[in-house]
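Q: Here you go, one structure.
The values are calculated or read from the model by the stated rules, or taken from the named source; none is laboratory data. Predicted model, so just to flag it, every value in this text is computed and none were measured. Virtual Cβ from ideal backbone geometry, glycine too; neighbours counted across all protein chains shown. With ligands, DNA and RNA removed, areas are computed over all heavy atoms of the protein, side chains included. Shrake-Rupley method; radii C 1.70, N 1.55, O 1.52, S 1.80 Å.
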Amino acid sequence: MKQDSSVRFHYAWVIAAVTFFILLIGAGIRSAPGVFMVPVEQEFGWSRSSISFALSVNLLLYGLVGPFAAAVMDRFGIRRITILALFMLALGAALTTWMQSSWQLTLLWGVVVGLGSGCTASVLGAMIANRWFVKQRGLVMGILTASGATGQLVFLPLLASLAESDGWRIASWVIASVALVMVPMVAMLMRNHPSDKGLFAYGATVADREHVAPAQNPFRSAMKGLYTGLRSFDFWLLAGSFFICGLSTNGLIGTHFIAACMEHGIPAVTAASLLAMIGIFDIIGTTFSGWLSDRYNNRWLLFWYYGLRGLSLMFLPTALSSSTFSLGLFIVFYGLDWVATVPPTMRLTTDIFGREQAGILFGWILAAHQLGAAVAAYGGGVVYTVLNSYFFMFIVAGAFCLLASFMVMRIGRNALSVDVSRNM
């Protein structure tokens, strides 16, 4: 086994790069419904709430599959499961071009793409960061989390332009093709453990070499992790705050922001570009958040992230109805905070529950995130159908974020928990 100091370029950075592109493409595919919502509504005459229901199923499964995906990856390997997930993303996106009924949208984009995206989500980034990195783990997690914003930046303007010029079906074929292109790269470069390359994790020594868990039933491992979490008050705080995170990000803004902009006279391509700009600032904010999570108290980081996000959401209705400067201010302010919560949440999960359980436990916490996202995605559609406005949803989401900012200050205070400040 090679020592880290004897390796000029550690293979962990190759794994991180491959994972970055997997997560980028997965995020790009998940962002597509925000672009397709209005064209699909206009073509088929389906209600906003029925389309939102399919997207809420997608977001819910994206989260619920996380802990099971982590357990299955432990059992069968990251490379195999990731390749299967990419095929599912391609299949679901391609088959939607032939759909004729709203239930088919729910089946394909809700179930098939939802299951595939659940395996190309933050839980994958968490597993890679924990397995392959000891040094700079927080920074790596921040970069991998920022890949979601990069996916928006790359795909949203392109998909919006294609949907407007050539139709949403062409855009669906593009994202299906991109998912398939990633398959050979994953097959050639992805490895399950540092030991597969004869290495320790980056920054590791003989004293903290990796522990490869014995093969277990994936379902039993996932449910055992859930049982462990449910007995911990810290888990409830982490999951509850992350529920609000999902509600206030990809559930509400990720799904309904473009439609909300169009309701205020902003063209679809421009609205998609604005959402992509949020992604630009999120790359900065989330990467910096990963750096901060290695150095400062993660509870206080989360306190500020949620609080500032809540204020920005409450400001959004005013920004949409007023000047370009106000909307630009929202984009910068909110964008820096889009998913900056992920690195400190992952760090707290690892510190409290340990590296061996962190992947599955974070998978369940991510499931809570996506449950919140599903509630906001469907709820936003229902509220819009009833009130013909998103104003109420933006204000409520902002209020929940302010609540989360106080919830996170209790994380790690339990006497039975690890002192999360010892490594900060």
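Q: Taking the conditions exactly as written (modelled with pLDDT of 85 or more and open to solvent by less than 40 Å² (accessible area, probe 1.4 Å)), does residue 123 satisfy them or not? If you could, list the steps in order and put the result at the bottom.
A: Values: modelled with pLDDT of 85 or more: no; open to solvent by less than 40 Å² (accessible area, probe 1.4 Å): yes.
So residue 123 fails the test.
Q: Only one residue in 241, 177 is at pLDDT 90 or above, open to solvent by 10 Å² or more (accessible area, probe 1.4 Å), among the polar types (S, T, N, Q) and closer than 27 Å to residue 110 by Cα, so which one is that?
A: After ruling out the rest, the residue left standing is 177.
Q: Which one is modelled with the lowest pLDDT among residues in the stretch 151-174 that are open to solvent by 20 Å² or more (accessible area, probe 1.4 Å) and under 18 Å from the mean Cα position of the chain (by Cα)?
A: 153
Q: Could you tell me whether residue 290 is surrounded by 18 or more Cβ atoms within 10 Å (Cβ to Cβ) and outside any helix (DSSP H, G or I)?
A: When the stated conditions are applied, residue 290 does not pass them.
Q: Here's something else I'd like to know. I'm trying to understand the selection: among the residues of the stretch 353-402, which are among the β-branched types (Val, Ile, Thr), under 16 Å from residue 242 (Cα atoms) and open to solvent by less than 30 Å² (accessible area, probe 1.4 Å)?
A: 360, 365
Q: If a residue must be of a type outside the set (A, V, I, L, M, F, W, C), closer than 19 Å to residue 413 by Cα and touching an Asp or Glu at 6+ places or on another chain (Cβ under 9 Å), how many such residues does the stretch 350-393 contain?
A: 1
Q: In addition: Test residue 385 against the stated conditions and say whether it is out of contact with any Leu (no Cβ under 8 Å at 6 or more places or on another chain) and closer than 28 Å to residue 65 by Cα. Reasoning before the result, please.
A: Working: out of contact with any Leu (no Cβ under 8 Å at 6 or more places or on another chain): yes; closer than 28 Å to residue 65 by Cα: no.
Criteria not met by residue 385.
Q: While we're on this one: When you check residue 339 against the structure, is it closer than 28 Å to residue 411 by Cα and either of a type in the set (D, E, K, R) or open to solvent by less than 60 Å² (accessible area, probe 1.4 Å) (or both), yes or no? Spell out the reasoning first.
A: Values: closer than 28 Å to residue 411 by Cα: yes; either of a type in the set (D, E, K, R) or open to solvent by less than 60 Å² (accessible area, probe 1.4 Å) (or both): yes.
Taking the combined requirement at face value, the residue satisfies it.
Q: Among the residues of the stretch 295-309, is any hydroxyl-bearing (Ser, Thr, Tyr) and more than 17 Å from residue 350 (Cβ to Cβ)?
A: yes
Q: Tell me, yes or no, whether the stretch 266-277 has at least one residue that is within 23 Å of residue 237 (Cα to Cα), in contact (Cβ under 8 Å) with a residue 60 or more places away in the chain and open to solvent by less than 40 Å² (accessible area, probe 1.4 Å).
A: Taking the stretch 266-277 as the starting set, the residues that turn out to be within 23 Å of residue 237 (Cα to Cα) are none.
Looking for residues that are within 23 Å of residue 237 (Cα to Cα), in contact (Cβ under 8 Å) with a residue 60 or more places away in the chain and open to solvent by less than 40 Å² (accessible area, probe 1.4 Å), one finds none in the stretch 266-277, hence no.
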